[in-house]
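The values are calculated or read from the model by the stated rules, or taken from the named source; none is laboratory data. What you are looking at is a predicted structure, and each value in this text was computed from that prediction instead of being measured. Counting neighbours? That spans all protein chains shown, and the Cβs are built from the backbone with ideal geometry, glycine included. Remember, those area values only see protein heavy atoms, side chains included, never the ligands or the DNA or RNA. Shrake-Rupley method; radii C 1.70, N 1.55, O 1.52, S 1.80 Å.
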Amino acid sequence: MQPEADATFHTFAAKLAGLDVPEFVAPAHHHVVLHGMRFHYLDWGTPGKPPALFLHGGGQTARTWDLCCLALRRRLHCVALDQRGHGDSEWAYDFAYAPEHHAEDFAALLDALRIPRVVVIGMSMGCLNGLHFAARWPERVSAFVAVDAGPWVQMEGGRRIAEFVRDADNGVDLEAFVAAAVRFNPRRDPRLLRQGLLHNLRALPDGRLTWKTDRRRAIDLAGIETRLTALRARLDQVRCPVLILRGSESDVFTDADAERFATALPDARWVRVEGAGHTIQGDRPADLVREVGAFLAERGLA
């Protein structure tokens with residue numbers, strides 16, 4: 001999409017979401033090679049502001065954060081990464097997709113950008129990968145925002161997401177993907193879903209569309225559960241303040257999950273975002289921006 005088209009769409013989307021965005025800019029697209037793999041990331045500008053690394057959920061791309069980055073770039077230097085195997089970043093051809101691999105990617109990216117410490121804002125898979133990073137390199141994380149995820153989640157909700165990703169990939173056309181996405185999340189405006197899907201689909205040689213995400217293997221829900229158990233044992237290594245956001249209509253992350261997560265950390269609180277499902281940044285971006293802004297202001301970070 002051209003910068004002008006980006007700005008036109010973002011103007012429309014921000015108005016629909018009730019977001020105050022005084023200036024509409026297109027992000028700068030960058031590619032960087034980290035330990036032999038090529039990664040794509042978006043830089044929303046505002047150098048000199050506290051840096052923030054935005055991490056998308058499984059099957060998503062860095063573009064899921066567009067509106068949030070636009071609204072927060074007055075306060076933060078926003079960088080949104082396509083994690084390995086997603087978006088326009090390279091696939092891990094050896095299937096190295098464990099949270100530890102992602103955490104090493106984040107450390108290498110920050111080294112490449114010469115960013116010593118960062119605010120991490122991670123949703124779903126991005127939250128869990130980010131927590132591994134925060135536990136391994138606590139000195140590099142100034143604050144953490146967990147978006148509808150944590151070490152305790154509802155695996156049945158995760159199963160429903162995996163089934164949507166699998167069933168929507170029927171190789172037809174864009175409108176078939178949009179229809180499947182609307183059925184999966186009727187809270188969202190189809191026009192917004194269509195635009196998000198344009199960033200998340202690639203054309204096959206025969207003209208059909210498929211996800212950009214590496215789907216050569218099925219999502220291993222049992223493996224995810226095992227990793228969550230291991231992550232719980234490392235929470236004492238997360239030393240930064242943590243804000244936990246929970247979508248009130250999410251079937252992945254419950255009030256009880258959020259409370260348990262917050263209680264397990266030395267410095268954390270959780271907030272219920274009304275009217276949002278699992279993808280708070282898409283369902284209620286204005287509420288996410290408000291909560292993140294207030295949290296960082298409380299801590300003197302933005």
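Below is a table of values for the structure above.
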quantity: Among beta bridges that DSSP assigns inside region 165-292, antiparallel share in %, nearest 5; calculated: 35 percent
quantity: Prolate/oblate/rounded call for region 158-235, Cα gyration tensor, a/c under 1.5 rounded; calculated: prolate
quantity: Gained length - residue 234 relative to residue 210, 0.36 nm times residue gap less alpha-carbon distance; calculated: 5.0 nm
quantity: From the C-alpha gyration tensor of region 56-121, square roots of 5λ in Å; calculated: 22, 16, 9
quantity: Distance (nanometres) between label positions extended 7 Å along Cα→Cβ at residue 198 and residue 267; calculated: 4.2 nm
quantity: Cα-based convex hull, the chain, per residue volume (Å³, whole number); calculated: 122 Å³
quantity: Paired Rg and Dmax values of region 181-293, which use every Cα atom, in angstrom; calculated: 17.4, 53
quantity: Directionally averaged shadow of region 118-196, computed from the convex hull of its alpha-carbon atoms, nm²; calculated: 6.6 nm²
quantity: Rounded percent of accessible protein surface that carbon and sulfur make up, region 1-113, 1.4 Å probe; calculated: 54 percent
quantity: Antiparallel bridge percentage (DSSP; both residues within the chain; nearest 5); calculated: 35 percent
quantity: Cα-only radius of gyration and Dmax that characterise region 208-253, units Å; calculated: 15.7, 47
quantity: Centre separation in Å (Cα based) which lies between region 203-223 and region 89-166; calculated: 20 Å
quantity: Expected-Rg normalisation [2.2 N^0.38 Å, Cα atoms] applied to region 1-150; calculated: 1.00
quantity: FRET efficiency, 1/(1 + (r/R0)^6) with R0 25 Å, evaluated for residue 139 and residue 259 via beta carbons; calculated: 0.35
quantity: Calculated [θ] (222 nm, deg cm²/dmol) that DSSP helices of n ≥ 4 give over the chain, each run adding -39,500 (n - 2.57); calculated: -12500 deg cm²/dmol
quantity: Computed E for residue 15/residue 183 - FRET, C-beta separation, R0 35 angstrom, nearest 0.05; calculated: 0.85
quantity: Relative contact order (percent, whole number), region 23-178, Cα cutoff 8 Å, 6+ residue spacing; calculated: 20 percent
quantity: Extension gain (nm, one decimal) between residue 25 and residue 172, 0.36 nm per residue minus Cα-Cα; calculated: 49.6 nm
quantity: Whole-number accessible area per residue in Å² for region 16-96, which is evaluated in the context of all protein chains at 1.4 Å; calculated: 36 Å²
quantity: Accessible area per residue, Å², region 171-265 with all protein chains present, probe 1.4 Å; calculated: 51 Å²
quantity: For the chain, cysteines whose Cβ has no other cysteine Cβ within reach (under 4.7 Å); calculated: 68, 127, 240
quantity: Residues with amide H under 5 Å from that of residue 77, placed H, sequence gap 5 or more; calculated: 49, 52
quantity: Under the Karplus curve 6.51 cos²θ - 1.76 cosθ + 1.60, θ = phi - 60°, whole-Hz ³J(HN,Hα) for region 48-59, x wherever Gly or Pro sits; calculated: x, 7, x, x, 9, 9, 9, 10, 6, x, x, x
quantity: Linear extension gain, residue 94 paired with residue 225, 0.36 nm per residue minus alpha-carbon span; calculated: 45.0 nm
